Amino acid sequence: MPKDSYSDELIRTVLTNTKVIAVVGLSNNETRASHSVTRFLNSRGYRTIGVNPGLAGKTVANSPVYATLAEVSEPVDMVDVFRNSEDAGAAVDEALQMNPLPKYIWMQLGVYNEAAAARAEAKGVAVIMNRCPAIEIPRVMR
């Protein structure tokens, strides 16, 4: 199975078992996908926490924002990565330093980093790449 091919059952399981999502790369620009997806996730009952060093200490899209994942003071179920494929590796490595570890790492549309995914999976963290929860939720959570 290609790394970006996932069963609807797996995606449904990830989305059902997720309650708190750290959004890496949350933007305060309302036209950016990270902003609109975060608002969508909030509207569906997920608690979101932004991660963006330039916006740390602010609230964006109804989410508190921290400079790094290390500063997030509560456990997160999923880390949703809005970074390019190359930079996603650093975000994944930062997520793998969290205690407790997130259950899931989700890389947004167009974001692939096989090496980072392998590092996460080796630590028992499931990885979804090249998908958007704002597209998947209406599709699989009927």
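Table for the structure above
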quantity: Per-region count, the stretch 91-125, residues in contact with a Lys or Arg (Cβ under 8 Å, 6 or more places away or on another chain), surrounded by fewer than 18 Cβ atoms within 10 Å (Cβ to Cβ) and either of a type in the set (A, V, I, L, M, F, W, C) or under 21 Å from residue 37 (Cα atoms) (or both); calculated: 3
quantity: Close pairs (8 angstrom Cβ cut-off, 6 or more residues apart or separate chains): surrounded by fewer than 17 Cβ atoms within 10 Å (Cβ to Cβ) in the stretch 33-52, of a type outside the set (Phe, Trp, Tyr) and in a helix (DSSP H, G or I) anywhere; calculated: 36/134; 44/137
quantity: Answer residue from the stretch 126-142, given it is modelled with pLDDT of 95 or more and among the charged types (D, E, K, R) and is surrounded by the fewest Cβ atoms within 10 Å (Cβ to Cβ) among those; calculated: 139
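The values are calculated or read from the model by the stated rules, or taken from the named source; none is laboratory data. Bear in mind the structure is a predicted one, so any value in this text is a computation, not a measurement. Don't worry about glycine lacking a Cβ; one is built from the backbone with ideal geometry, like all the others, and counts go over all protein chains shown.
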